[in-house]
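Notes follow the structure.
The values are calculated or read from the model by the stated rules, or taken from the named source; none is laboratory data. Given the structure is predicted, the values throughout are model-derived calculations rather than measurements. Note that we place each Cβ from the backbone using ideal geometry, even for glycine, and neighbour counts take in every protein chain shown.
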Amino acid sequence: MTSIKYQKDQDNIVHLILDKPESSVNLMDPQFAESLSDVVSKFTDDDFIGIIIRSAKKTFFVGGDLEMLYQTDRQNAQGLFDMTETIKRELRQLETLGKPVVACINGTALGGGWEIALATHHRIAVSSAQITLGLPEVTLGLLPGGGGITRTVRMLGLKQAMPLLLEGKQLNPTAGINIGLIDQLADHEEQMLEQAKNWIIANPEAAQPWDVKGFRLPGGTLSSPQIAQMLAIAPAMLRKKTGAALPAPEKILATMVEGSQVDFDTASRIETGYFIELVCSPVSKNMINAFWFQLNKIKSGVSRPAGIPQHTMRKIGILGAGMMGAGIAFSSAIRGISVILKDVSIEAAEKGKAYSEKRLAQRVEYGKINQQKKAQILELIQTTDRAEDLNDCQLVIEAVFEDRQLKANVTRQAEAQMPVDAVFASNTSTLPITGLAEASRQPDNFIGLHFFSPVDKMPLVEIIMGELTTAETLAKCYDFVQQIGKTPIVVNDSRGFFTSRVFATFVNEGVAMLGEGIAAASIENAAGLAGFPVGPLAVTDEVSLNLIEKIKRQTATDCIQQGIPIPTHPADIVIDQMLEMERTGKLSGAGFYDYSDKHSKKLWAGLKQHFYHQEKQLPLDMIKQRLLYIMAIESVRCLQEGVLTSIHDANIGSIFGIGYPGWTGGVLQFINYVGLQDFIDNANQLTESFGERFNPPELLIEKSNNNERF
């Protein structure tokens with residue numbers, strides 16, 4: 001069975017039709033490599049004037065076979081190396097035949113698919129914003145190994161190629177034509193084929209620019225002052241951004257620079273070498289597992305109750321127009337959902353709606369929408385101070401302050417007006433849903449929807465099941481989260497649920513280390529080197545020390561009422577000291593950092609005076625280990641207690657919701673990466689040195705004894 005059909009039309013043009021059998025998409029796999037070799041070999045004995053490469057699928061070509069890449073290790077890497085070199089050899093032969101080759105791109109072309117298109121002389125795409133083009137391999141811990149780096153650098157030059165390769169930036173066809181990667185746009189496939197034939201006839205001796213004598217790299221070579229200056233600082237800037245935790249961007253940069261100094265074929269060989277090295281690395285395994293296999297599991301609805309019809313929200317209500325409520329309103333309206341945005345006054349509600357106005361104005365400025373579309377979206381948000389306006393909402397989300405009594409009051413006021421089958425959701429980040437549902441007239445329709453700030457930028461929503469929440473309520477909310485373009489994870493009820501509970505361990509561990517006397521700069525730098533987007537002290541300032549204290553008081557009150565011990569942590573003493581000094585966080589301009597304005601901050605010099613002890617300093621690797629381990633250990637406890645019910649929700653939730661480093665593949669995959677027994681041994685050492693909070697949970701020990709993984 002062949003993945004490529006070879007056809008010749010009446011104009012004597014060969015059509016290579018990408019059509020992998022028994023698959024909805026085209027993949028770069030051994031079958032494709034064999035098919036490509038077969039069709040290219042036919043060119044020797046055939047007479048034709050040009051070649052059109054097109055797809056029989058809805059997409060052009062989605063890329064490499066990630067299952068194959070995931071299974072490749074150093075023992076069997078030779079097979080992947082040979083396949084990669086075979087594909088690259090055949091693509092190279094295509095572009096050096098002396099005949100014009102055109103790619104007709106009818107749908108998304110990513111990774112290996114885009115590399116096929118780059119190997120042609122002329123690229124035509126259907127003009128559709130739904131089509132995505134690019135080389136996103138870096139987001140999976142890989143690099144484009146099918147000629148993508150070698151050709152992109154020669155097409156655009158080192159500087160312009162960087163965001164496409166180092167960040168995996170993706171483009172639509174219009175953006176592609178603007179930077180010269182797409183040559184023509186078509187309104188539909190028939191027009192695209194006509195354009196391709198016309199171009200072939202008009203360009204009988206097409207060749208790639210780098211195969212023409214006198215070719216020079218666009219933008220300058222390494223000896224050019226501008227390029228030399230850029231590359232002198234690029235590695236340091238890259239390392240600052242990745243914390244040296246992500247090998248792929250560094251290997252991509254090395255491939256770009258090394259390949260730019262040699263001939264095309266040598267550059268291609270360099271690219272393959274680095275590609276195989278990354279494929280075999282444990283980091284790429286972690287990232288492929290999380291960002292492809294596990295994320296796709298969630299997107300497919302694996303945690304959604306089966307047998308319940310799909311539900312579409314047409315109108316929702318939001319209680320509280322502060323930062324969270326305003327963000328939820330924007331994220332919903334931009335997806336076409338009508339929103340009732342309620343606050344205690346019209347002025348407060350209008351202030352929340354102004355957030356959507358600001359965000360939409362930015363989209364108009366960037367050319368993503370027009371003024372008419374902006375007006376249509378804003379019309380979907382109705383501000384009010386009246387609970388009566390919630391009377392036809394299918395879902396109401398409260399996003400008020402973390403105060404149990406306040407939440408109970410707004411729940412009763414809203415439910416008195418809501419339809420009996422409507423869902424009520426709390427956006428609480430810490431308070432147990434079952435307790436909040438006590439204020440509800442229908443606790444079976446009560447659920448937690450924990451959004452993350454800023455809502456319109458953060459991809460995750462944590463759905464929390466109360467003890468009485470029904471499967472139908474969960475299904476409706478799962479559908480709503482996906483309707484607004486977010487990724488849902490589903491967890492069971494407890495204080496802090498999964499994300500807030502685990503995130504608190506990161507914050508507390510960093511603050512506790514400060515209390516031990518460790519330099520604040522070491523704590524923050526170690527977090528960055530581990531791959532965390534923000535250090536624990538900076539994020540504490542963002543959250544505000546006042547809020548942390550308020551949550552601690554609420555927890556203490558609840559524990560007293562339930563007759564259980566009040567939890568304590570070494571970080572509590574530091575928080576109390578900071579509050580006594582009126583260092584409350586970013587909002588006040590003074591916390592662990594000093595803030596001269598909202599864009600500028602530096603660690604408060606007083607931290608050294610109040611907390612620092614020279615003899616207490618730890619190596620950066622030990623600080624990194626403490627931050628990574630404490631979150632992983634707490635996640636295992638969540639799984640052991642039934643708060644978490646799946647591995648994929650744990651891993652994706654930790655990365656997308658609370659900033660656990662992506663290179664780990666998530667909190668539980670990190671334990672697999674270390675090895676369960678090694679992780680337990682290290683955790684025991686941390687327990688001896690820093691306290692019982694590092695004790696390995698029973699579930700972890702049990703899995704290790706059974707030679708299992710998470």
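Just to be sure, is SER268 assigned to a helix (DSSP H, G or I), under 29 Å from THR470 (Cα atoms) and modelled with pLDDT of 95 or more? Spelling it out, it is not the case that SER268 is assigned to a helix (DSSP H, G or I), under 29 Å from THR470 (Cα atoms) and modelled with pLDDT of 95 or more. Among the residues of segment 446-465, what is the count of those that are without any contact (Cβ under 8 Å) to a residue 40 or more places away in the chain, out of contact with any His (no Cβ under 9 Å at 6 or more places or on another chain) and buried (at least 24 other Cβ atoms within 10 Å of the Cβ)? Residues flagged as without any contact (Cβ under 8 Å) to a residue 40 or more places away in the chain, out of contact with any His (no Cβ under 9 Å at 6 or more places or on another chain) and buried (at least 24 other Cβ atoms within 10 Å of the Cβ) within segment 446-465 amount to 2.
Scanning segment 380-417 for residues that are loosely packed, with under 15 Cβ neighbours inside 10 Å, under 35 Å from the mean Cα position of the chain (by Cα), closer than 19 Å to ARG495 by Cβ and not aromatic (Phe, Trp, Tyr) yields ASP403, LEU406. May I ask you to list the residues in segment 653-679 that are outside any helix (DSSP H, G or I) and touching a residue at least 60 places away in the same chain (Cβ under 8 Å)? Passing the criteria: GLY659, TYR660, PRO661, GLY665, GLY666. The set of residues from segment 696-710 being in a loop (DSSP other than H, G, I, E, B) and free of Cβ contacts under 8 Å to residues at least 40 places away in the same chain comprises ASN706, ASN707, GLU708, ARG709. Filter segment 28-72 for residues that are among the β-branched types (Val, Ile, Thr) and either without any contact (Cβ under 8 Å) to a residue 24 or more places away in the chain or under 16 Å from LEU91 (Cβ atoms) (or both) and give the result. Across segment 28-72, the qualifying residues are VAL39, VAL40, THR44, ILE51, ILE52, ILE53.
Results for (1) in contact with a Ser or Thr (Cβ under 6 Å, 6 or more places away or on another chain); (2) under 27 Å from VAL534 (Cβ atoms), shown as yes or no for each residue.
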| site | (1), (2) |
| --- | --- |
| ASP403 | no, yes |
| THR411 | yes, no |
| SER426 | no, yes |
| LEU431 | no, yes |
| THR434 | no, no |
| GLU438 | no, no |
| GLN442 | no, no |
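As a summary of the residue check, PHE293 satisfies the conditions (1) among the aromatic types (Phe, Trp, Tyr); (2) outside the structural domain of GLN93 (by TED's automatic domain parsing); (3) buried (at least 20 other Cβ atoms within 10 Å of the Cβ) except for the one numbered (3).
Taken as a whole, segment 654-677 holds at least one residue that is surrounded by fewer than 22 Cβ atoms within 10 Å (Cβ to Cβ), at negative phi and aliphatic (A, V, I, L, M).
Of the residues making up segment 123-152, those that are out of contact with any Lys or Arg (no Cβ under 6 Å at 6 or more places or on another chain), of a type outside the set (Asp, Glu) and closer than 11 Å to ILE252 by Cα are VAL138, GLY141, LEU142, PRO144, GLY145, GLY148, ILE149, THR150. The set of residues in segment 86-110 that are in contact with a strand residue (DSSP E or B) (Cβ under 6 Å, 6 or more places away or on another chain) and either closer than 25 Å to SER41 by Cβ or part of a strand (DSSP E or B) (or both) comprises LEU94, LYS99, PRO100, VAL101, VAL102, ALA103, CYS104, ILE105, ALA109, LEU110.
Condition check ((1) polar (S, T, N, Q); (2) outside the structural domain of LEU341 (by TED's automatic domain parsing); (3) in contact with a strand residue (DSSP E or B) (Cβ under 7 Å, 6 or more places away or on another chain); (4) farther than 21 Å from THR555 by Cα) across all residues:
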| residue | (1), (2), (3), (4) |
| --- | --- |
| PHE401 | no, no, no, no |
| GLN413 | yes, no, no, yes |
| ALA416 | no, no, no, yes |
| PRO419 | no, no, no, yes |
| VAL461 | no, no, yes, yes |
| THR473 | yes, no, yes, yes |
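Entry remark, segment 560-572: residues being in a helix (DSSP H, G or I) and either in contact with a Leu (Cβ under 9 Å, 6 or more places away or on another chain) or at pLDDT 85 or above (or both) number 3 in total. Note on segment 65-84: residues that are over 28 Å from the mean Cα position of the chain (by Cα), charged (D, E, K, R) and crowded, with 16+ Cβ neighbours inside 10 Å total 0. Total residues in segment 249-281 satisfying the condition of being over 17 Å from GLY157 (Cβ atoms), buried (at least 22 other Cβ atoms within 10 Å of the Cβ) and in contact with a Phe, Trp or Tyr (Cβ under 6 Å, 6 or more places away or on another chain): the figure is 1. Please verify whether segment 621-635 includes one or more residues that are within 32 Å of the chain's Cα centre (by Cα), within 25 Å of LEU676 (Cβ to Cβ), at pLDDT 95 or above and aromatic (Phe, Trp, Tyr). Checked against the condition, which is being within 32 Å of the chain's Cα centre (by Cα), within 25 Å of LEU676 (Cβ to Cβ), at pLDDT 95 or above and aromatic (Phe, Trp, Tyr), segment 621-635 yields at least one hit.
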